[in-house]
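Enquirer: Sharing a structure, written as C-alpha cells. Questions coming.
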Amino acid sequence: MERIARRYKVDGTQLVYEMPKEVDHHVAKDMCQEIDMLVESYRIKELVLDFSQTEFMDSSGIGIVIGRSKTMHFHGGSIAAVNLGKRVDTIFKSAGLYKIIQVK
C-alpha cells in the first residue's frame with residue numbers, strides 16, 4: 001500500500017494537521033505515528049486536527065482522536081478539532097468526542 005503524504009503546518013508550538021478525505025483503519029496507524037512524531041519533534045503544545053477535507057470517518061478515526069488527546073495531555077498540551085462537516089460532526093457527537101476535545 002502506498003503511503004499518502006499528509007499536509008500539516010507548524011507555527012511555534014502549534015501543529016495544524018489536515019485530516020484526509022477518508023479516516024479509517026487503512027490510514028490510522030500511519031497517522032498516529034506521524035502525529036506523535038511531529039508532536040515530539042517540534043515540542044507541540046497545541047494540536048489542531050483540521051477535518052475540512054474529511055468525508056468519511058470510522059471507529060479508527062475516533063481512536064485517532066482519543067489517542068492524540070491522551071498524547072497531548074501527557075505532554076501538557078491541548079487538542080482541538082476544526083472544520084467538521086455534517087457527517088464528522090454526527091460521529092463526534094455520537095462518540096462523545098465533544099466531551100474530550102475542544103471543537104472550534
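The values are calculated or read from the model by the stated rules, or taken from the named source; none is laboratory data. The model shown is predicted, which means the values in this text are computed figures rather than measured ones. Cβ coordinates were reconstructed from backbone atoms using ideal geometry, including for glycine residues, and neighbour counts include every protein chain displayed.
Enquirer: Given the criterion touching a Pro at 6+ places or on another chain (Cβ under 9 Å) and not hydrophobic (A, V, I, L, M, F, W, C), identify the matching residue among Gln33, Gln53.
Expert: Among Gln33, Gln53, only Gln53 is touching a Pro at 6+ places or on another chain (Cβ under 9 Å) and not hydrophobic (A, V, I, L, M, F, W, C).
Enquirer: What strands (runs of 3 or more DSSP E), lying completely within segment 1-93, carry at least 1 residues that are charged (D, E, K, R)? Don't jump to the end; show me each part of the working.
Expert: Working: elements: 8-11, 14-18, 46-50, 78-82.
Correct list: 8-11, 14-18, 46-50.
Enquirer: Could you tell me which of the residues Ile64, Ile79 is under 20 Å from Arg7 (Cβ atoms), within 12 Å of the chain's Cα centre (by Cα), surrounded by 15 or more Cβ atoms within 10 Å (Cβ to Cβ) and touching a residue at least 40 places away in the same chain (Cβ under 8 Å)? Lay out the reasoning, then the answer.
Expert: Working: Ile79 fails: touching a residue at least 40 places away in the same chain (Cβ under 8 Å).
The unique qualifying residue is Ile64.
Enquirer: Now, a different point. Examine segment 29-38 for a residue that is within 11 Å of the chain's Cα centre (by Cα), in contact (Cβ under 8 Å) with a residue 24 or more places away in the chain and surrounded by 18 or more Cβ atoms within 10 Å (Cβ to Cβ), and state whether such a residue exists.
Expert: Yes, segment 29-38 has at least one match.
Enquirer: Identify the single condition in (1) modelled with pLDDT of 95 or more; (2) out of contact with any strand residue (DSSP E or B) (no Cβ under 7 Å at 6 or more places or on another chain); (3) of a type outside the set (S, T, N, Q) that Val103 does not satisfy, given that it satisfies every other one.
Expert: It fails just one condition, (2).
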